[in-house]
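One structure below.
The values are calculated or read from the model by the stated rules, or taken from the named source; none is laboratory data. All values reported here derive from a predicted model rather than from experimental measurement. Here the Cβ positions follow ideal geometry from the backbone for every residue, glycine too, while neighbour counts run over all protein chains shown. These area figures cover heavy atoms from the full protein model, side chains too; ligands, DNA and RNA do not enter into them. Shrake-Rupley method; radii C 1.70, N 1.55, O 1.52, S 1.80 Å.
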Amino acid sequence: PTTRGAYQTLFQNRLVTKQYQAIAPWQSDLVFPMTCRSRIVESDHFMRMCEEPGEPNAHTEIQVEIHNNQFAQYRLTPITGRKHQLRIQMASLGLPIVNDQIYPDHAMNGDEDMSKPLQLLAQSIAFIDPLSGLPRSFVSQRTLATLPVAVTG
């Protein structure tokens, strides 16, 4: 508790670099890397946020790591930290994250299907430790599923 404020200040001052991976549809008409800026606010619907016109308060850098012409693995670097920011911005681009049961449409009925996890992974976080001054970096050992292939016919 005595040092919590020092670490909270890092986030408030945007001194923490976070990177995520996500699997979502591929759209060849979009140009990457791209910057996504939007205004995210609470919606009238429980658990959801929404985008609205106005001064952007959410900023994400999006890059493609690999794609198979149907799906892609994206690297998402949020500059800001709004609730559900990555999920909302990807869905608004027409790239809803695989197995997202909230965006773009709320499909949860109270029973989340744990056999189909949301394909969004907090991959790494890095910052200068406010107490020691040393660089700190933490990388997840988890991985996302392999890129799915859409079934036709």
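Take CYS36, CYS50 and sort them by solvent-accessible surface of the protein heavy atoms, 1.4 Å probe, largest at the top. Don't skip to the end; give the middle numbers.
Values: CYS36 15, CYS50 45 Å².
Largest accessible area first, the list is CYS50, CYS36.
[x] -0.68, -1.28; [y] -0.68, -1.07; [z] -0.83, -1.10: which one is log10 I(q)/I(0) by the Debye sum over Cα atoms at q = 0.13, 0.19 Å⁻¹ as calculated from this entry?
Answer by label: [x].
Keeping all protein chains in place, calculate the accessible area per residue for region 20-153 (probe 1.4 angstrom), answer in Å².
61
Tell me, how many Å apart are the Cα centres for region 1-37 and for region 40-114?
12
Among PRO130, THR9, THR77, which residue has its Cα furthest toward the positive end of the charge dipole of the chain, with +1 on Lys/Arg Cβ and -1 on Asp/Glu Cβ?
PRO130
Rounded if a/c is under 1.5, else prolate if a/b is larger than b/c, else oblate: which is region 48-135, with a ≥ b ≥ c the root eigenvalues of its Cα gyration tensor? List each step's numbers first, then the result.
Values: a/c = 1.60, a/b = 1.45, b/c = 1.11.
Judged from the Cα gyration tensor, region 48-135 comes out prolate (a/c at least 1.5, a/b above b/c).
When the dipole is taken about the Cα centre of the chain, and only Lys, Arg (+1) and Asp, Glu (-1) are charged at their Cβ, what size is it in debye, to the nearest 20?
580
How long is the gain from THR3 to THR35 if the chain were fully straight, where each residue apart is worth 0.36 nm and the alpha carbon distance is subtracted?
8.1 nm
Can you give the relative contact order of the chain as a percent, counting alpha carbon pairs under 8 Å and 6+ residues apart?
28
Of the accessible area of the chain, with the probe set at 1.4 angstrom, what percent is carbon plus sulfur?
Using a 1.4 Å probe with all protein chains present, the chain comes out at 52 percent carbon and sulfur.
With labels modelled as points extended 7 Å from the Cα through the Cβ direction, what inter-label distance (nm, one decimal) is found for SER132 paired with ALA107?
Reported label-point gap for SER132 and ALA107 is 4.4 nm.
From the C-alpha coordinates alone, can you work out the Kirkwood hydrodynamic radius of region 1-79, in Å?
Mean inverse Cα-Cα distance, inverted, gives 15.0 Å.
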